[in-house]
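The structure under discussion appears below in the form of structure tokens.
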Ligand SMILES: N[C@@H](CCC(=O)N[C@@H](CS)C(=O)NCC(=O)O)C(=O)O
């Protein structure tokens, strides 16, 4: 909230329904770069958790499209703690070699230091 981490969140309404707030950052990569960002080898970095179904779909597409050499990868600890997603020495983790963060929330704050919203994976940066 406003750039400050909180592990408390209100995600249900008065009837107990789960509410998923819209993703804060959503952009596109287009072939000509006109409708978003241009495709470019080595330009983009993918952040995932193997525990996340959204994230593992991006890994599948990255592999099927032969983009594993073009888009580099970081993998967070599979456990999302009170501080949100983070990088660790756990098996399978790949540290954030691009932005040097320990907590994924710090990636969001790099884009908007006053960010309000969820800190989620996958992220393509
Ligand atoms: N980016 C997806 C959502 C992805 C998502 O919700 N990922 C979960 C893991 S499966 C997450 O990171 N949750 C963290 C949280 O809600 O604090 C969307 O377009 O809505």
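Where a number appears in this text, it was derived from the coordinates with a stated rule and is not lab data. These figures come from a predicted structure and were not determined experimentally. Using ideal geometry, Cβ is built from the backbone for each residue, glycine included, and neighbour counts are taken over all protein chains shown.
Across every direction, the projection of the convex hull enclosing the Cα atoms of the chain has a mean area of 8.9 nm².
Given R₀ = 35 Å, FRET efficiency for residue 2-residue 67 by Cβ-Cβ distance, to 0.05? Don't skip to the end; give the middle numbers.
Values: r = 36 Å, r/R0 = 1.02.
E between residue 2 and residue 67, to the nearest 0.05, is 0.45.
Per the Cα gyration tensor, segment 67-110 maps to an equivalent ellipsoid with semi-axes of 18, 14, 8 Å, ordered largest to smallest.
Full-extension gain between residue 31 and residue 125, please, as 0.36 nm times their residue separation minus the C-alpha to C-alpha distance. Walk me through the intermediate numbers first.
Numbers: separation 94, 0.36 × 94 = 33.84 nm, distance 1.71 nm.
Taking residue 31 through residue 125 to full extension adds about 32.1 nm, to one decimal.
Label separation (residue 56 vs residue 118): 1.8 nm, computed from points 7 Å beyond Cα along the C-beta direction.
Its relative contact order, with pairs defined as Cα atoms under 8 Å and 6+ residues apart, puts the chain at 30 percent. Computed from label points 7 Å out along Cα-Cβ, the spacing between residue 98 and residue 79 is 2.7 nm.
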